[in-house]
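We did not get these values from a lab; they are worked out from the coordinates using the rules stated. Just so we're clear, the structure is a prediction, and the values are computed from it rather than from any experiment. A quick note on method: Cβ atoms are made from the backbone with ideal geometry, for glycine too, and the neighbour counts reach across all protein chains shown.
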Amino acid sequence: MENVKKTGPEGLAGTDPESAFALLIEEQQRLVYSVALRLTGNTAAAEDITQETFIAAWRHIKDFRGESSLKTWLMRIAANKTRSYWRWKRLRSWVGLSDKGEDGEGAALEDLLPDDPAGRPEQAALAAELERRVQSAINALPPRQREVAVLRAQGLGLAEIGAALGMAEGTVKAHWFEARKKLGASLGEYL
Amino acid sequence: MNEEKESKLVSLLAARRSEAFWRRQKAGILRAAVEERGPRRAWLLAPAAALAALLVLVLVRNPSQPVLDEPQAVSAAFIEHLDLLDDMDVLEAVPEEEL
C-alpha cells in the first residue's frame, strides 16, 4: 500500500501527473479488472469497466479526500460502474434487446496462456477449465454476496468492503460467511 | 472453513491473465485518458435511458384523452335521437297534441 499512497493526490505534487497515473494503473489494474470480471462474468465488459474506473479516478482525483485508501476508493468506483452495467443489461432485456450475440463471455485463449512457453497446451486447458468453474461458482451467488466475495478476494477488509459497497460491517460479515460456504462447496476440489 | 482453505479460495477468485494482457490494458487506459473527451460508453447513460423508458411507459399506459368539442358531442346525441325517428310506429302512437 505504500506504493499506492505515492500515487494519491499528495504523491502527485512532485511527480509528473501522467507518470503518476501510469503508476496507479500499473499497481491497481489487476485488482480493478478482477473485480469487474468476477462481477460481470464478461471479459469485454470487464475491460470497459476497468478503463472507465481509471478514467473516472483520474478525472476526480482532486476530490479524493483520503478518508479511505485509494484502493477502497477505486473499488467503490468499479462497483458502481458494475452496477450501472447491470442496470443497462436489465434495461436492454426489458425493451427486448437480448445480448445473445454479445462478445466477451469467455477470455481469449492467448490471455489465459502462461507467459512461460513450456507446457502451454495443458496449462492453457487447465486454466480455461478453472476459469470457467470459478466464474460459474461466483455467478451462482446472489448479487450482494457476489460483491462481498469478490472484494474480499482482492484483500479488502470487512470495514473497507462496507465502505466501498455502502453496507454495515455486520452485513458484510454475514454475506461473506454465506458466500464462503457456497464457494467452498462449489470449488471444494480446488481447495 | 479454515484459514488455509480460505486463502486458497481467495487466490482462486483472482483473474489470471498473461503479462501481455496487462501491458495491453494499461496502454489502452492511457490512450483512453488522452481521448477522454470522446463519446462515453453507452451503458454509462443507463440512468438517463431508464428515465426516458419510464416516461414512454407512463405515456403509453395513460394516453391523454382527446378533448371533444362540445358541439360534436351534441351532434352525436342529436343523431342518435334522430335514429329513433326511423321507428315510425312510435311516432304514430304519440297523440298529435304532444308532438
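Report the extension gain between A:A159 and A:H60 in nm, rounded to one decimal, defined as 0.36 nm multiplied by the number of residues separating them, less their alpha carbon distance.
33.3 nm
Between B:V10 and A:L97, take the C-beta separation as r, use R0 = 22 Å, and let me know the FRET efficiency to the nearest 0.05.
0.05
Quick one: A:I161, A:I77, fewest Cβ neighbours within 10 Å first, how do they rank?
A:I77, A:I161
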